[in-house]
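Derivation of every value follows stated rules applied to the coordinates shown; laboratory data play no part. It should be emphasised that the depicted structure is a prediction, and the values quoted were computed from it without experimental measurement. No Cβ is skipped: glycine too gets one built from the backbone with ideal geometry, and neighbour counts run over all protein chains shown.
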Amino acid sequence: MTIASKKPVLLVTAADLAPQALQMLTEFEVVFAGKTPTEEDVVALCAQHKPVAIIVRYGKVNARIMDAAEHLEVISKHGSGIDVIDQDAASSRGIAVRAASGANAAAVAEHAWALVLACAKAVPHLDARMRAGHWDKSTHKSFELEGRRLGLVGLGAIGRRVAKVGLAFGMEVQAFDPFAKEAPERVKLVSLEELYPTSDIVSLHCPLTADNRAMLNRETLRQFKRGAILVNTARGGLIDEEALVEALTSGQLRAAGLDSFAIEPMTTHPFQTVSNVILSPHIGGVSDAAYVNMGKGAAANVLAVLAQNARNVA
């Protein structure tokens, strides 16, 4: 606790939090780490303020940060991807880790479809050509979705939304998810070995784990149907990026739409010289509504864990 306040401290690894979330956290002194906090910034703030909770928006939380926050009870992700938190370190220290699961599902699903459509219809390319004075009506052919097969890797809250839109487009939809006991109507559960070579579009919607890191590599990308489209709004670590560049430049893949990368922020990368890849800066889950939903979800998780811990002590 700080000298100026007897309120417990909650640290946010960002410069802001939705007002609706802050209204839920009036019993805390909320400390913001800034727009782009470094590990050193967060360690220093933890050592100074001794927060009982951290809401993670940007950056990673490792053992060093946890040890600097000696009163820390819960680390709450502003979103669903908790791979940025060292979960083993948290577990060994008795610190709860929570995610605002589903809070940004609609936003990510919409962005996945924005990337699918941009790839299939070559929207950025045609826009650039038009601005350069070209009229490609007689030479361009887009990729029609109706009757094509959409393959989803992951069938959680986001994947199910993406599947629903695919069906509305008149696509066949298949999915791989080892944890799914059942699939929505008209969605077929298949193995990855079946999904890769039979899908015209593959969209990733799974968490990053030690088991699936670089699941898309030279070997697996060679299994894809030639001319397929790949979209990744999940985690960059799922893809061997060098292998993907090769698949795009060789024509094995028609195009790729990427919203996440192995190293972020991505400022210099071979992707920037590949014409058939569309890039966005990991903003799939960043929308006006998702900002509020993720903030409220992260705040609710903090309150729930601390309340449970207080009951356990009592």
Mean projected area in nm² (Cα convex hull; one quarter of hull surface) for the chain: 18.5 nm²
Euclidean distance of C-alpha centroids, the stretch 178-234 and the stretch 135-164, integer Å: 14 Å
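Once R0 is set to 35 Å, what does the formula 1/(1 + (r/R0)^6) return for the Cβ-Cβ distance between Gln20 and Leu126, expressed as a FRET efficiency to the nearest 0.05?
In this case the efficiency is close to 0.30.
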Spin-label point model (7 Å from Cα, Cβ direction): what's the Ala44 to Arg93 distance in nm? 1.9 nm
How long, wide and thick is the stretch 1-87, going by the Cα atoms along their three principal axes, in whole angstroms, largest first? 31, 27, 22
Length gained when the stretch His140-Glu185 is fully extended (0.36 nm per residue, less Cα-Cα span): 12.7 nm
How do Asp240, Asp211, Asp83 line up, fewest other C-beta atoms within 10 Å first? Asp211, Asp83, Asp240
Compute the length gained on full extension between Asp288 and Thr268: take 0.36 nm times their separation in residues and subtract their Cα-Cα distance, giving the result in nm to one decimal. 4.4 nm
Any chance you could get the radius of gyration and Dmax over the Cα atoms of the stretch 212-314, in Å? 19.0, 64
For Lys121, which lysines qualify as cross-link partners when the Cα separation must be under 18 Å and same-chain residues fewer than eight apart are set aside? Lys137, Lys141
How do Arg222, Arg98 line up, fewest other C-beta atoms within 10 Å first? Arg222, Arg98
The answer for the chain, counting only DSSP H helices whose Cα atoms cover 18 angstrom or more along the axis and whose Kyte-Doolittle average is 0.0 or greater, is 105-121, 288-313
Between Ser250 and Thr198, what is the spin-label point distance in nm, taking each point 7 Å from the Cα along the Cα→C-beta axis? 2.4 nm
Need one number: nm distance between label points at Ala214 and His71, each 7 Å from Cα along Cα→Cβ, rounded to one decimal. 4.4 nm
Computed over the Cα atoms of the stretch 209-260, the Rg and Dmax in Å are 10.3, 30
Within the set of other residues whose C-beta is less than 10 Å from the C-beta of Ala298, count the net charge using Lys and Arg as +1 and Asp and Glu as -1. +4
Taking neighbour counts of Cβ atoms within 10 Å as a proxy for exposure, in what order, fewest first, do Arg235, Arg213, Arg131 appear? Arg131, Arg213, Arg235
Test of understanding: express the Cα radius of gyration of the stretch 105-279 as a ratio to 2.2 N^0.38 Å, with N the residue count. 1.00
Filter Lys164/Lys188; Lys35/Lys296; Lys7/Lys35 down to the pairs with a C-alpha to C-alpha distance above 22 Å, please. Lys7/Lys35
